[in-house]
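Worksheet: the structure to be examined is printed underneath.
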Amino acid sequence: MAQVKFNGTVYKVSQGQTVLDTLLENQQDIANSCRAGACQSCLMQVTKGVVPEASQNGLKDSYKAKGYFLACSCKPEEDIDVCLPDTEQLRVEASVSQLNMLADDVVELKLKTSRPFEYFSGQYVTLWRDKRLGRSYSLASLPGVDEDLIFHIKLIPGGAFSSWVHNELNIGDTVFIQGPAGDCFYTQGNIDKNILLIGTGTGLAPLYGIVRDAIQSNHQGEIHLFHGGLNPSGLYLHEQLESLSREHANFYYHPCVLKADSLTSKNIIEGDIANVALQSIPDMKGWKAYLCGDPELVNKLRKQIFLAGCNMNDIYADPFLHA
Amino acid sequence: MSSLYERLGGEPAVDAAVDIFYRKVLSDDRVNGFFDAVDMEAQAAKQKGFLTMVFGGPNNYTGKDMREGHKHLVERGLNDSHVDAIIELLGGTLKELGVADADIQEVADLANSVRDDVLNR
């Protein structure tokens, strides 16, 4: 049985347990959020011994070289010494420059970072309220065009972070940023490839960034964005996207709702977003696809899009996990 | 004379075959119940291992691995008809990629050679 040493104490790691499980069970205060190896909130550093490769999946090479790993995905095979990383180095300080309501339950949060921050639209970062509470959000902004980092924060009933943003955060307040991570972004080259983007709710945030990145990169293939909401008020960027599609002949915006009403514009399609998209584009051979939002929908779509002919390596899926 | 794996085109050929083969498997009601489509990347990695083996490429599978890996599926009813279906889909994949009939037969023979281990008998 492997042992993990943290803050001078040695803990036994039971078979199949992770470092995070072990430390939490022993009342050690380790920040964490998704517990699925995505959000990087539980980043730790190994100072002695070797951690399994799986616990460094998705980390930057410079992080791997420094011995950073994800405690939630680390089932140690040998004895290791670990510590919490120096958060000063990992987290960038930012101040709130704008807070705008995009819908009843979606806030657009704009942050100005204290030092230059490199990212691609569509990647995600962890936003920290303080040393303990952090959540992952995707970047809707476009580097070089938008001065600020832009996030769409959906209010989750009972959600500690989103309630704080909606109810307590003010312009000028400080938020800390860690990241970016994720490979859901526009890649240069292949400008003639057709692109399909499907997202529900605030799954639109990364897709909006990717669409603008593609257009800015002078993408020549067709770009089809399907955004789904329960009802028309969930289509929170409807006007911006309609005008974007008027300005760019190769960009097509397909708004979808599960339930339309008598006031719903005739441009909005009623139905299941997966069916709507697959009926509009039955053959996806040679396409590139980006899927963001509800995990169940993302997984279902990934399979259907693959079966419709898209290469597995051309499907970028970003299921939104809730802490 | 070159090996089967070399004639088929090595790893790039396996990569080209994985998507086509896995798509056929997921679309085929005879066998798709045995494949979990939730973790598609992990599934694709397993398909790649399988295809590398039946292409005659480098692999470290043992009979024991084959038995352990399919035990839970045999308990769920995996039988000869499913192995036949997989070999048929494999042949269809290779045909699409323009592989010669004699080589397809050789691949099918390799797949058949692990049939008893896969079915745990």
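Determine if the range A:283-303 includes at least one residue that is within 14 Å of another protein chain (Cβ to nearest Cβ), polar (S, T, N, Q) and surrounded by 13 or more Cβ atoms within 10 Å (Cβ to Cβ).
yes
I'm trying to understand the selection: among the residues of the range B:79-99, which are touching a residue at least 40 places away in the same chain (Cβ under 8 Å), part of a loop (DSSP other than H, G, I, E, B) and within 23 Å of B:Asp19 (Cα to Cα)?
Listed by number, the residues that qualify are B:Leu97, B:Val99.
Based on what the data block shows, is A:Gln220 without any contact (Cβ under 8 Å) to a residue 40 or more places away in the chain, farther than 19 Å from A:Leu297 by Cβ and polar (S, T, N, Q)?
Answer is yes for this residue.
Every residue, every condition in (1) small (Gly, Ala, Ser); (2) modelled with pLDDT of 90 or more, yes or no:
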residue	(1), (2)
A:Arg35	no, no
A:Cys42	no, yes
A:Glu53	no, yes
A:Gln56	no, yes
A:Ala65	yes, no
A:Cys74	no, yes
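Test A:Tyr316 against the criterion of being under 29 Å from B:Gln43 (Cβ atoms) and either surrounded by fewer than 22 Cβ atoms within 10 Å (Cβ to Cβ) or modelled with pLDDT under 95 (or both), and give yes or no.
Against the criterion (under 29 Å from B:Gln43 (Cβ atoms) and either surrounded by fewer than 22 Cβ atoms within 10 Å (Cβ to Cβ) or modelled with pLDDT under 95 (or both)), A:Tyr316 qualifies.
Among what's in the range B:34-66 and is in a helix (DSSP H, G or I), more than 12 Å from chain A (Cβ to nearest Cβ) and among the small types (Gly, Ala, Ser), pick the residue that is farthest from A:Ala317 (Cα to Cα).
Here the residue is B:Gly63.
Just the residues that are more than 24 Å from A:Cys184 (Cα to Cα), out of contact with any Phe, Trp or Tyr (no Cβ under 8 Å at 6 or more places or on another chain) and either buried (at least 16 other Cβ atoms within 10 Å of the Cβ) or touching a residue at least 60 places away in the same chain (Cβ under 8 Å) (or both), please, taken from the range A:88-120.
Answer for the range A:88-120, where residues must be more than 24 Å from A:Cys184 (Cα to Cα), out of contact with any Phe, Trp or Tyr (no Cβ under 8 Å at 6 or more places or on another chain) and either buried (at least 16 other Cβ atoms within 10 Å of the Cβ) or touching a residue at least 60 places away in the same chain (Cβ under 8 Å) (or both): A:Ser95, A:Val96, A:Ser97, A:Gln98, A:Leu99, A:Asp104, A:Asp105.
Can you confirm whether the range B:33-52 contains a residue that is in contact (Cβ under 8 Å) with a residue 40 or more places away in the chain, over 30 Å from A:Val298 (Cβ atoms) and surrounded by 15 or more Cβ atoms within 10 Å (Cβ to Cβ)?
Looking for residues that are in contact (Cβ under 8 Å) with a residue 40 or more places away in the chain, over 30 Å from A:Val298 (Cβ atoms) and surrounded by 15 or more Cβ atoms within 10 Å (Cβ to Cβ), one finds none in the range B:33-52, hence no.
If a residue must be part of a helix (DSSP H, G or I), out of contact with any helix residue (DSSP H, G or I) (no Cβ under 9 Å at 6 or more places or on another chain) and modelled with pLDDT under 95, how many such residues does the range A:203-238 contain?
1
Strands (runs of 3 or more DSSP E) wholly in the range A:7-80 with at least 2 residues that are in contact with a strand residue (DSSP E or B) (Cβ under 7 Å, 6 or more places away or on another chain) and farther than 17 Å from A:Val125 by Cα - which ones?
Output list reads A:9-12, A:43-48.
Does A:Asn299 satisfy being modelled with pLDDT of 90 or more and polar (S, T, N, Q)?
In short, no.
Give the range A:239-269 a look and list any residue that's assigned to a loop (DSSP other than H, G, I, E, B) and under 15 Å from A:Leu197 (Cα atoms), or say none.
A:Asn250
Looking at this structure, is B:Ala17 in contact with a helix residue (DSSP H, G or I) (Cβ under 6 Å, 6 or more places away or on another chain) and within 14 Å of another protein chain (Cβ to nearest Cβ)?
Considered against the rule, which asks whether it is in contact with a helix residue (DSSP H, G or I) (Cβ under 6 Å, 6 or more places away or on another chain) and within 14 Å of another protein chain (Cβ to nearest Cβ), B:Ala17 comes out as yes.
Condition test on B:Tyr5, is it surrounded by 14 or more Cβ atoms within 10 Å (Cβ to Cβ), of a type in the set (Phe, Trp, Tyr), in contact with a Pro (Cβ under 9 Å, 6 or more places away or on another chain) and part of a helix (DSSP H, G or I)?
Here the answer is yes, as B:Tyr5 does meet what is asked.
Exactly one condition in (1) away from chain A (no Cβ under 14 Å); (2) part of a helix (DSSP H, G or I); (3) surrounded by 15 or more Cβ atoms within 10 Å (Cβ to Cβ) is not met by B:Gln105; state its number.
Every condition holds for B:Gln105 apart from (3).
Could you figure out which of (1) within 12 Å of chain A (Cβ to nearest Cβ); (2) in contact (Cβ under 8 Å) with a residue 60 or more places away in the chain isn't true of B:Tyr22?
Condition not satisfied by B:Tyr22: (2).
Anything in the range A:306-322 that is more than 23 Å from A:Ser121 (Cα to Cα) and either away from chain B (no Cβ under 14 Å) or among the aliphatic types (A, V, I, L, M) (or both)? List them, or say none.
Within the range A:306-322, A:Leu307, A:Ala308 qualify.
The values are calculated or read from the model by the stated rules, or taken from the named source; none is laboratory data. Values in this document were obtained by computation on a predicted structure and should not be read as measured data. Using ideal geometry, Cβ is built from the backbone for each residue, glycine included, and neighbour counts are taken over all protein chains shown.
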